[in-house]
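Enquirer: Please find one structure pasted underneath; my questions will follow.
The values are calculated or read from the model by the stated rules, or taken from the named source; none is laboratory data. Just so we're clear, the structure is a prediction, and the values are computed from it rather than from any experiment. Neighbour counts are summed over all protein chains in view; Cβ atoms, including those assigned to glycine, are modelled from backbone coordinates with ideal geometry.
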Amino acid sequence: MRIAFVSAVFPPTRGGMCTVAAAEAIELAKKHVVTVFTLRTDNPRKDLLIDRAHDFETVRLQGLPRISLGGFVPQLLWHLRSFDAVYAHLPAYGFMEVLILWKLMTRRKLVVTVHMDPIGSGLFKLIFKLERFVLRAVISRTDSIRISTEHFSRDSLFGGISQNKISIIPFGIDVNKFNPVEGEKKTVFLFVGRLSRTHYFKGVELLLRAFKSVLEKNGGAELLIVGDGDERKNYERVAEKLHLSRHVTFLGAVSDEELPGVYSRASCFVLPSTDTSETFGLVLLEAMASGVPVIASRLPGVDSVVSDGYSGRLIEPGNETELVNAMNDAAVRKNEWKNFGVNARARALEYGDWKGIAAKIDSLI
């Protein structure tokens, strides 16, 4: 079967959606003829290196215009004309309108994975409200919808959608790539995520404020922040204003090869997401597979990944006091949190590998 694999973001761009899309494209290409359609990046040379590394063709489109991680791509409609089916990762801003037209014109199989319900803040709140309308229009016309958790299926985004169309297939993890490292660790907190305006909900500024309070009781603590984006410099300025520069290290976009080593340095992973734009948190699974206990927000979907009091702690979204208390607890009660790390690894092992995940996706296509 000839499958068009559609995702606005794809390696070398970093992020949870990119990781999922790449892993599934690699596995599906072992059985089908797969062509990935995504946006161009600012580094064509690196795009070419990535494209040569796998058994599928990647067509990188120019967004008209390009806005952050999205871009309107009317030319995609022409590219999709000869494919038997389309498998898309959504939201894909600027791609979704084309998918609706393609489905109406061809009546061929359209399967989607929905990663999040876009909310946004500031100007993006209005933009995302419009895009949510388009996203809703796409999923109402799909043949099958894959989501990662049962909690997400109750989101208003899926109101009126037949539950028979929805399949709950959690994201996978390579437990051989992410492994625990034995031995005592310093108090090192870790955050991994995109530092951009579209990912405002990751709670990075909240984390920096909380970490300042943690330092008052645990002066030797460190915070590592992995990720890049248009808000990185702003977060660096916030860290400087809070006098945290000696204790916070911004590592930038760490490569896939280096990332397991960064997880191994952490004594605790923190993902303080502030709203329901976060519906899973693949980085939580990566940290847990690395034997690292986690602190995360009590959000639908995230609470399916993290078990409060077993693999770490869940806090109320946006609650700085709860975040500070959890981080202080991780810094002081090291033996208990070390046990959380053992439990976290055991929990991660319950998730399937990408080969098994792709087989389930294949059954929908």
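Enquirer: Examine segment 209-217 for a residue that is buried (at least 18 other Cβ atoms within 10 Å of the Cβ), modelled with pLDDT of 95 or more and of a type in the set (Phe, Trp, Tyr), and state whether such a residue exists.
Expert: Yes; the residues of segment 209-217 include at least one that is buried (at least 18 other Cβ atoms within 10 Å of the Cβ), modelled with pLDDT of 95 or more and of a type in the set (Phe, Trp, Tyr).
Enquirer: Which count do you get for residues in segment 60-99 that are outside any loop (DSSP other than H, G, I, E, B) and crowded, with 17+ Cβ neighbours inside 10 Å?
Expert: Looking only at that region, the number is 16.
Enquirer: Next question, about the same structure. For segment 339-349, name all the residues that are out of contact with any Pro (no Cβ under 9 Å at 6 or more places or on another chain) and closer than 24 Å to Ala22 by Cβ.
Expert: Answer for segment 339-349, where residues must be out of contact with any Pro (no Cβ under 9 Å at 6 or more places or on another chain) and closer than 24 Å to Ala22 by Cβ: Arg347, Ala348, Leu349.
Enquirer: Specify the residue that is nearest to Asp155 (Cα to Cα); the eligible residues are those in segment 246-289 that are of a type in the set (Phe, Trp, Tyr) and assigned to a strand (DSSP E or B).
Expert: The extreme case among them is Phe269.
Enquirer: Let me ask something else about it. For segment 202-245, enumerate the residues that are in a strand (DSSP E or B) and farther than 20 Å from Ile315 by Cβ.
Expert: Glu222, Val226
Enquirer: Just the residues that are at positive phi and more than 15 Å from the chain's Cα centre (by Cα), please, taken from segment 280-297.
Expert: Gly291
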